[in-house]
Amino acid sequence: MNLNLRNAILHNVSGNNQDELKDTIVDAIQNGEEKMLPGLGVLFEVIWNNSSEEDKQEMLHTLESGLK
């Protein structure tokens, strides 16, 4: 079976409003289940690909600070 996980995740959240997207993210983080990590990665990929260079630098700064 050839399953494209990225496309499946995008299909599942496509058309969701901000509240639904936030619920998806918060639920994935609060559950702490390893199986949710790919979904969060795909959502981060969408954010990254649709962010300005300034926003990317801010995200990197936030990430770096959070990992210290």
Which of (1) hydrophobic (A, V, I, L, M, F, W, C); (2) over 17 Å from Val13 (Cβ atoms); (3) surrounded by fewer than 13 Cβ atoms within 10 Å (Cβ to Cβ) does Ile29 not meet, given it meets every other one?
(2)
Mind checking which residues of the stretch 1-26 are hydrophobic (A, V, I, L, M, F, W, C), modelled with pLDDT under 95 and loosely packed, with under 11 Cβ neighbours inside 10 Å?
Met1, Leu3
Modelled with pLDDT of 95 or more, of a type in the set (S, T, N, Q) and exposed (fewer than 10 other Cβ atoms within 10 Å of the Cβ), is that true of Asn49?
yes
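The values are calculated or read from the model by the stated rules, or taken from the named source; none is laboratory data. Because the structure is a prediction, the values reported are computed rather than measured. No Cβ is skipped: glycine too gets one built from the backbone with ideal geometry, and neighbour counts run over all protein chains shown.
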